[in-house]
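Here is the structure we will look at, set down as structure tokens.
The values are calculated or read from the model by the stated rules, or taken from the named source; none is laboratory data. Since we're looking at a predicted model, the values are computed, not measured. Methodologically, a virtual Cβ is constructed for each residue, glycine included, from the backbone with ideal geometry; neighbour enumeration extends over all protein chains shown.
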């Protein structure tokens, strides 16, 4: 069963519903999320500081911190092309803030992902019961999300995430060159 975009819960609602785990798989090399535009321009200019990142990500960091405080494990895995894009460099620079909030983050070079059955879109998997797919345009702009409770879809996403996680490198060991 797939939910229409108008009924897909917000990230606050989604993470608030998690009891055990919230797993996020990202597979794009660039995103054009409107909420990040100003901070990204600041980062590209070389004037960005971690304090700027904390300010920009404050609501996300609070949400993750409150989620992990309830005992929910939040893990994020990123599949990236190498050499990495400017956007991935930006993500890498911000990742310590995700970790500070309570996420565990790993990186997997796309060439090491060969052979892993992957869904066609980035996703969040909550408690191995529901998947929220994050769809993006070809230019990386967020478009309507989608939810699925279908057992086969949940199983695919769970297997994909765990396989990626097992092959991926922890953030602190993933060097961007």
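One table, with the values for the structure above:
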read-out	value
Residue 177 being more than 16 Å from the chain's Cα centre (by Cα), assigned to a helix (DSSP H, G or I), in contact (Cβ under 8 Å) with a residue 40 or more places away in the chain and surrounded by fewer than 15 Cβ atoms within 10 Å (Cβ to Cβ)	no
From the options 130, 105, 88, residue that is modelled with pLDDT of 95 or more, in contact with a strand residue (DSSP E or B) (Cβ under 7 Å, 6 or more places away or on another chain) and over 15 Å from residue 26 (Cα atoms)	130
Test: residue 139 is assigned to a loop (DSSP other than H, G, I, E, B) and modelled with pLDDT of 95 or more	no
Residue within the stretch 112-124 that is modelled with pLDDT of 95 or more, crowded, with 20+ Cβ neighbours inside 10 Å and farther than 21 Å from residue 37 by Cα present	yes
From the options 144, 128, residue that is within 19 Å of residue 15 (Cα to Cα), touching a helix residue (DSSP H, G or I) at 6+ places or on another chain (Cβ under 6 Å), surrounded by fewer than 13 Cβ atoms within 10 Å (Cβ to Cβ) and touching a residue at least 60 places away in the same chain (Cβ under 8 Å)	144
Residue tally, condition touching a strand residue (DSSP E or B) at 6+ places or on another chain (Cβ under 6 Å) and exposed (fewer than 15 other Cβ atoms within 10 Å of the Cβ), over the stretch 147-168	1
Condition met for residue 93 (surrounded by fewer than 16 Cβ atoms within 10 Å (Cβ to Cβ) and in contact with a helix residue (DSSP H, G or I) (Cβ under 7 Å, 6 or more places away or on another chain))	yes
Residues of the stretch 1-47 classified as under 19 Å from residue 157 (Cβ atoms), under 16 Å from the mean Cα position of the chain (by Cα) and modelled with pLDDT under 85, total	0
Some residue of the stretch 77-85 being assigned to a helix (DSSP H, G or I) and either surrounded by 15 or more Cβ atoms within 10 Å (Cβ to Cβ) or at pLDDT 95 or above (or both)	no
